1. Of the residues that sit in the stretch 34-43 and are surrounded by fewer than 22 Cβ atoms within 10 Å (Cβ to Cβ) and over 15 Å from the mean Cα position of the chain (by Cα), which one is farthest from Val211 (Cα to Cα)?
2. Check off (1) touching a strand residue (DSSP E or B) at 6+ places or on another chain (Cβ under 9 Å); (2) without any contact (Cβ under 8 Å) to a residue 12 or more places away in the chain; (3) of a type in the set (A, V, I, L, M) for Ile113 and give me the number that stays unchecked.
3. Give me the residue from the stretch 63-85 that is of a type in the set (Val, Ile, Thr) and surrounded by 17 or more Cβ atoms within 10 Å (Cβ to Cβ) and, out of that set, nearest to Leu53 (Cα to Cα).
4. Would you confirm whether or not the stretch 10-28 contains a residue that is part of a loop (DSSP other than H, G, I, E, B), under 19 Å from Leu161 (Cβ atoms) and modelled with pLDDT of 95 or more?
5. Does at least one position in the stretch 44-61 carry a residue that is farther than 22 Å from Asp197 by Cβ and surrounded by fewer than 14 Cβ atoms within 10 Å (Cβ to Cβ)?
6. Please go through the stretch 1-31 and pick out each residue that is surrounded by 15 or more Cβ atoms within 10 Å (Cβ to Cβ) and small (Gly, Ala, Ser).
7. Kindly establish whether Ile8 is of a type in the set (A, V, I, L, M, F, W, C) and in contact with a Gly (Cβ under 6 Å, 6 or more places away or on another chain).
8. Of the numbered conditions (1) of a type outside the set (Asp, Glu); (2) more than 30 Å from Thr30 (Cβ to Cβ); (3) surrounded by fewer than 13 Cβ atoms within 10 Å (Cβ to Cβ), Val119 fails exactly one; give the number of that condition.
Amino acid sequence: MKRMSDAIFTLHDVGFSVPERTLIADVSFTVAPGEFVTIGGPSGSGKSTLLRLVATLLTPTAGTITYDGQPQDSYEKTEYRRQVSYCYQQPSLFGETVWDNLAFPFQIRHEEIDEDRMVQALDMVHLPANMLRQPITDLSGGEKQRVALIRNLLFTPKVLLLDEITTGLDTVTKDAVHEVIKNLNHQGLTILAVTHDEVELAAADRLLTIVDGRLAVSV
């Protein structure tokens, strides 16, 4: 039987090293279900590396990560990533159209594709329904980021990991993304976000600061 935990994540003395370099060292913290935690710090300090460790895109070389009361490495990765969804700083779209990208979450779950749900998701980030058939090569950077975000959210995960997803976006697009993040968090979604964005920092329950690969401040 799965053990329950008051923390959805527990990191204990987590480290990540590559030959001749330590990127993360002795990082320990917990995240409560429904909490909005931001990760800040200087460029190159290890923030994104830490988020990728939580996402299972990298494997810790030291310490342990526990998710929902079980060791992270006890989960099958596809199932884990359905529950813990990672959104890249640079959106990665595939296929030819927006439809191809928003159909993918249905296809990998062997579920019937629901275009009404796709349209509702587009509307959530202030994109029109006719964008479904639009070639991805015609999208602006902000449109690509919003499509990538809602692709992660068509089937709501338990945890959303955001890696500086508003960097370089215009004010209107940032506002749309902030609104989605805030509403999801209010509905109970746990969020960990690497960010320099003042709005995201202000909206979070807690700020973790990483300096030279180590946890410096938690407020």
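1. Ser43
2. Result: Ile113 passes all but (1).
3. Here is the first cut: in the stretch 63-85, the residues of a type in the set (Val, Ile, Thr) are 64-66, 78, 84.
Now narrow it down to the ones that are surrounded by 17 or more Cβ atoms within 10 Å (Cβ to Cβ): 65-66, 84.
Values: Ile65: 9, Thr66: 11, Val84: 12 Å.
Checking each candidate, the answer is Ile65.
4. Taking the stretch 10-28 first, the residues part of a loop (DSSP other than H, G, I, E, B) are 19-20.
Still in the list and also under 19 Å from Leu161 (Cβ atoms): none.
Checking the stretch 10-28: not a single residue is part of a loop (DSSP other than H, G, I, E, B), under 19 Å from Leu161 (Cβ atoms) and modelled with pLDDT of 95 or more.
5. yes
6. Matches in the stretch 1-31: Ser5, Ala7, Gly15, Ala25.
7. Values: of a type in the set (A, V, I, L, M, F, W, C): yes; in contact with a Gly (Cβ under 6 Å, 6 or more places away or on another chain): no.
It is false that Ile8 is of a type in the set (A, V, I, L, M, F, W, C) and in contact with a Gly (Cβ under 6 Å, 6 or more places away or on another chain).
8. So the condition that Val119 fails would be (3).
The values are calculated or read from the model by the stated rules, or taken from the named source; none is laboratory data. Please read all numbers here as calculations on a predicted model, not as lab measurements. With ideal geometry, Cβ positions are generated from the backbone for all residues, glycine too; neighbour counts draw on all protein chains shown.
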